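Written out below as structure tokens is the structure these notes cover.
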Amino acid sequence: MPDPHPLWLPAAATAHLRGRTVRIAGDGPLIDTVRAEAAAAGMTPAGDDAELSIAVTTGAASSAESFTLTRDGARAIAECADDAGALHAWFEIVRLGPGAFAPASTRTVAPAHALRMLDHWDNVDVHPVMGQVERGYAGGSIFFHDGALRQDLSRVAAYARALAAIGINRVAINNVNVHVREARLLTDDLADVARIADVFRPWGIRLHLSVSFSSPMLLGGLGTADPADAGVQSWWAEAADRVYAAIPDFGGFVVKADSEGQPGPFAYGRDHADGANLLARALAPHGGVVHWRAFVYDHRQDWRDRSTDRARAAHDHFSPLDGRFDDNVIVQVKYGPMDFQVREPVSPVFFAMPHTRLALELQVTQEYTGHQRHAVYLGPQWREILDFRGRGDDQPTLAQTVRGGIAAVANVGDDRFWTGHPLAQANLYAYGRLAWDSTLDAGDVLDEWIRLTFGDDAAVHSGIHEILDDSWATYEAHTAPLGVGFMVTPGTHYGPAVDGYEYSPWGTYHFADRDGIGVDRSAATGTGFAGQYPEPWASRYESAGTTPDELLLFFHHVPYTHRLHSGDTVIQHIYDTHFAGAERVAEKLAAWGELEGCIDPAVFARGRELFAEQLRSAREWRDQINTYFLRKSGIADEAGRPIHP
Ligand code: GCV
């Protein structure tokens, strides 16, 4: 098996540091890491006049993990708040490349969010349906293999280094769907889990575990998991004590409760605050946190019942609990009210719980955005989400609103390129960078990633940038239209199935008939979801006339002849975007072909195979969607292009 791809840290990424002098002041494991990095980059230790100086200087920069970088053209001096700041300063110097020492300037660099987390949905056992990694598109797990923790953790070490370089500081190693085997990570497997924590530690990353709410029953033999039961409370306290004895810097628990079959407090007549606080109190003496997911909805809906709306569920369950969660509970909210669709409105939960620490949950793994067979750069989507001003155009952005940090579902596996499609590495990179600084421009982050990963060749750079820059918009263009969502193959969530979920229990409908399409979520005549937003968005989403085009069908059921703000009718928009989207994918395939001979042949070959599949899939989407709506509406394409009635 060839060595795994170096991600954004090939040897060339530190070439500008080779032969230069360095001074690294301070002690501790992270400082040792920086020293080892500098030595590996070919730097020479020196004294106070070193070209690069990295020192922990109390009071230099106040917030945790931050540093102040002063450059004078010849030297770069990083004064760091703590040893994590020193590690981040090192990787900033790497990222800056040959420009690391100039121009003369001083600036303080601090993370926007204290918790910047990746959630792995890795299983210990190979799950009969979901496999080794749930929604994993990059091979097996880097942590587990066939029912056991891996002995060889060298992939984990390389991963930890790459994550440190983009500022990630928390990793949950197992799936939030905790099956019986995975539940035992909390007890029987602690020694092995501690081995993984040891690998992450030198990179400033703390380990978290997903746990089952039923652990006291599954693992402790108790007859209940009721949060009010004293035996249950002591069981969790003792479990936490044992974890911290094995892993002193353990981060905490991630919990999916009362969701898609996972157990939770509802079974005992308790609510989610009762459930979350139970675990939080076990972790509190040790400084741990609970990430309690707000992804709670009825997945056994009756499609005939028009009063139930999955989009409402998180707000209905959680907003009444605002203020009841302990300080070390973080309620983790998916960015949209449904499920990581290519387009959804930002969840109203973020603006309904001012007294609760909320975390934003994103999905780096491309469950609904092409399974890492399609090259889809999600940076622009995340920037839109992070920038959403839920309380008004002059009010804070979502990024400024969340106090519990950012988490995202990871996209790596034991694949040679880590992420299946080599270009999907850009999403992992961008996630880390945007979690660190949510104001970075997605295009600039893409440029950074391309330069670090592929080097300075201008044609390669512009070729890859052009392929990825509009790739999210392209994917949106040829899949479910105008925010209506889903239309994917049930189960796998890959490829088109327009009615795949239309009569299913999962609550994901588009309600297309011969006259129109979309879900009426207005307060006046629909499910009332629009009314879960504060103003001005409650009013904006309430009316089709003020709902942004890209979300029209998420909020309203309209005739195919409804005219969008763009001037097009809904039906013509569907035809135009689907033809254009598939056409754009053909151009991307051609653009990738231009890179032959200019990039690593193995990367090129993998990309060529996947772009061919992306084009096949985009055409399939185009044809199924266009044909479906032509058949439903009977309205011809104004341009008379080939559809299949
Ligand atoms: C881990 C979606 C996915 C599931 C996932 C779930 C979740 O429903 O399809 O695979 O389960 O989200 O986020 O918990």
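The values are calculated or read from the model by the stated rules, or taken from the named source; none is laboratory data. As the structure is a computational prediction, the values presented were derived from the model and not from experiment. As a convention, Cβ positions derive from the backbone with ideal geometry for all residues, glycine included, and neighbour counts pool all protein chains shown. When the accessible area is computed, the model is the full protein with side chains, heavy atoms only, and any ligands, DNA or RNA have been set aside. Shrake-Rupley method; radii C 1.70, N 1.55, O 1.52, S 1.80 Å.
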Looking at (1) surrounded by 24 or more Cβ atoms within 10 Å (Cβ to Cβ); (2) over 21 Å from residue 114 (Cα atoms); (3) in contact with a Leu (Cβ under 7 Å, 6 or more places away or on another chain), can you tell me which one residue 213 breaks? (3)
Here is a check on your reading of the model: is residue 600 at pLDDT 95 or above and open to solvent by 60 Å² or more (accessible area, probe 1.4 Å)? yes
Answer yes or no: is there a residue in segment 371-389 that is in contact with a Pro (Cβ under 7 Å, 6 or more places away or on another chain) and crowded, with 20+ Cβ neighbours inside 10 Å. no
With respect to residue 349, determine if the residue is touching a residue at least 12 places away in the same chain (Cβ under 8 Å), of a type in the set (A, V, I, L, M, F, W, C), more than 22 Å from residue 111 (Cα to Cα) and not in a loop (DSSP other than H, G, I, E, B). yes
Identify the single condition in (1) open to solvent by 10 Å² or more (accessible area, probe 1.4 Å); (2) touching a strand residue (DSSP E or B) at 6+ places or on another chain (Cβ under 9 Å); (3) within 16 Å of the ligand (Cβ to nearest atom) that residue 261 does not satisfy, given that it satisfies every other one. (2)
Count of segment 113-138 residues which are open to solvent by 50 Å² or more (accessible area, probe 1.4 Å) and away from the ligand (no atom under 16 Å from the Cβ): 1
With respect to residue 348, determine if the residue is open to solvent by 10 Å² or more (accessible area, probe 1.4 Å), more than 18 Å from residue 415 (Cβ to Cβ), modelled with pLDDT of 95 or more and more than 13 Å from the ligand (Cβ to nearest atom). no
Of (1) under 26 Å from residue 635 (Cα atoms); (2) at pLDDT below 95; (3) not hydrophobic (A, V, I, L, M, F, W, C), residue 456 satisfies all except one. Which? (1)
Looking only at segment 352-367, count every residue that is surrounded by fewer than 22 Cβ atoms within 10 Å (Cβ to Cβ) and more than 30 Å from residue 324 (Cα to Cα) and tell me the total. 0
Looking at segment 153-270, what helices (runs of 4 or more DSSP H) fall wholly within it and have at least 2 residues that are within 30 Å of residue 3 (Cβ to Cβ) and of a type in the set (A, V, I, L, M)? 154-165, 190-200
Are any residues in segment 223-258 small (Gly, Ala, Ser) and within 16 Å of the ligand (Cβ to nearest atom), and if so, which ones? 257
If I filter segment 297-313 for residues that are under 15 Å from the mean Cα position of the chain (by Cα) and free of Cβ contacts under 8 Å to residues at least 40 places away in the same chain, do I get at least one hit? no
With the condition being farther than 21 Å from residue 582 by Cα and out of contact with any helix residue (DSSP H, G or I) (no Cβ under 6 Å at 6 or more places or on another chain), I'd like the helices (runs of 4 or more DSSP H) fully within segment 433-483 carrying at least 2 qualifying residues. 442-454, 458-469
Got a sec? Which of 357, 306 is over 30 Å from residue 464 (Cα atoms), at pLDDT below 95 and not β-branched (Val, Ile, Thr)? 306
Scanning segment 491-507 for residues that are hydroxyl-bearing (Ser, Thr, Tyr) and out of contact with any strand residue (DSSP E or B) (no Cβ under 9 Å at 6 or more places or on another chain), the one most open to solvent (accessible area, probe 1.4 Å) turns out to be 503
Exclusive hit being at pLDDT 95 or above and either open to solvent by less than 10 Å² (accessible area, probe 1.4 Å) or in contact with a Phe, Trp or Tyr (Cβ under 9 Å, 6 or more places away or on another chain) (or both), set 586, 605, 612, 523: 523
Do we find that residue 184 is open to solvent by 30 Å² or more (accessible area, probe 1.4 Å), away from the ligand (no atom under 16 Å from the Cβ) and within 30 Å of residue 66 (Cβ to Cβ) in this structure? no
Top-ranked residue in segment 116-135 [being touching a residue at least 40 places away in the same chain (Cβ under 8 Å) and in a loop (DSSP other than H, G, I, E, B); ranked as nearest to the chain's Cα centre (by Cα)]: 120
Segment 517-536 residues that are of a type in the set (A, V, I, L, M), paired with ones that are part of a loop (DSSP other than H, G, I, E, B) and crowded, with 23+ Cβ neighbours inside 10 Å (beta carbon under 6 Å, 6 or more apart): 530/521
All positions within segment 288-315 that are more than 16 Å from the ligand (Cβ to nearest atom) and either in a loop (DSSP other than H, G, I, E, B) or not aliphatic (A, V, I, L, M) (or both): 288, 302, 303, 304, 305, 306, 307, 308, 309, 312, 315
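Search segment 390-414 for residues being part of a loop (DSSP other than H, G, I, E, B) and open to solvent by 20 Å² or more (accessible area, probe 1.4 Å), and hand back the single one that is farthest from the ligand (Cβ to nearest atom).
394
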